[in-house]
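First comes the structure, then the notes that go with it.
Every number in this text was worked out from the coordinates using simple rules, so none of it is lab data. Everything quoted here is computed from the prediction, not taken from an experiment. Note that each Cβ is placed from the backbone with ideal geometry, even for glycine, and that neighbours are counted across all protein chains shown.
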Amino acid sequence: MTSSNGAQNWADKKVFTTGEAAEVCKVSQQTIIRCFDSGRLTGFRVPGSKFRRIPRAELVRFMKANDIPTDLLEGGKKRLLVVDDDPAVIEVFVSLLAPRASFEVKGCGTGYDAGLLTESFRPHLIILDYLLPDINGDLVCRRLRASEHTRDTKVLFVSGAVAQNEIDRLVSAGADGFVRKPFDLDELTARIDRLLEA
């Protein structure tokens, strides 16, 4: 199975054999069978046979619980999280980026919600407003860099009136870039593409 076809097949598949689950998780089939038989990975047996089957939602739960990347199941889509306290700004990003088949985009308005979504959604890129109602963006960035699960997540800051010393602070906190509002949409999408390719 080629990687491009495989990614598409995994993205559409609803129920997996133990062999398919092993391929997606990059472990041996015996490991998947042991996890299934011990109850760590649940599913069902095909009636009248010894064959085990694992529903997609359960495989995703198992992978996330064991810190196994779910990229193969998602067809290679890049996940983007937009964090801004202005719903209109989130709407601009969603309408700009979500139509692209290679992107999955979610948005939220606080640092707290960003933390929760980062855990469950595992974004490749976070587009982050510098001044959030509950926390400054540089603190969010430092927390991302401090965790082994999120230290490689790209962070692009977007903000209006920010002084150069504040931009320097964002870069020292681990930011991958800064874009000043109001922004040029073409320039912004090009910047996002470059970050996701890096």
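Label sites at THR31 and SER172, each approximated as a point 7 angstrom past Cα along Cα to Cβ, lie 4.2 nm apart. Note that the stretch 138-155 has calculated 3J(HN,Hα) couplings of 5, 5, 4, 4, 4, 5, 4, 5, 7, 9, 5, 6, 10, 5, 9, 5, 6, 10 Hz, one per residue in order, obtained from phi through the Karplus relation 6.51 cos²θ - 1.76 cosθ + 1.60 (θ = phi - 60°); glycine and proline are x.
For the stretch 3-74, the C-alpha radius of gyration sits at 1.03 times the compact-globule guess of 2.2 N^0.38 Å, with N the residue count. What is the list of residues in the stretch 147-187 whose amide nitrogen lies under 14 Å from a point 7 angstrom out from the Cα of LEU131, following Cα to Cβ? The answer is 158-164, 166-167, 181-182. Multiplying the residue separation of LYS14 and ARG100 by 0.36 nm and subtracting their alpha-carbon distance yields 28.6 nm. Given their separation in residues at 0.36 nm each and the Cα-Cα distance between them, ASP67 and SER38 gain 8.6 nm when the chain is fully extended. Taking θ as phi - 60° and the Karplus parameters 6.51, -1.76 and 1.60, the scalar couplings of the stretch 165-182 work out to 5, 6, 4, 4, 5, 5, 5, 5, 6, x, 5, 8, x, 9, 10, 8, 7, x Hz in sequence order, x denoting glycine and proline. Counting other Cβ atoms within 10 Å as a rough exposure proxy, the listed residues LYS78, LYS64 run LYS64, LYS78 from fewest neighbours to most.
In this structure, the pairs whose alpha-carbon distance is over 31 Å, taken from LYS26/LYS78; LYS50/LYS77; LYS50/LYS106, are LYS50/LYS77; LYS50/LYS106. Using C-alpha pairs below 8 Å separated by at least 6 residues, the relative contact order for the chain is 14 percent. Taking packing as the residue-averaged number of other Cβ atoms within 10 angstrom, the listed peptides 45-56, 186-197, 148-159 run from highest to lowest as 148-159, 186-197, 45-56. Relative to the current alpha-carbon distance between LYS181 and GLU119, full extension at 0.36 nm per residue lengthens the span by 19.6 nm.
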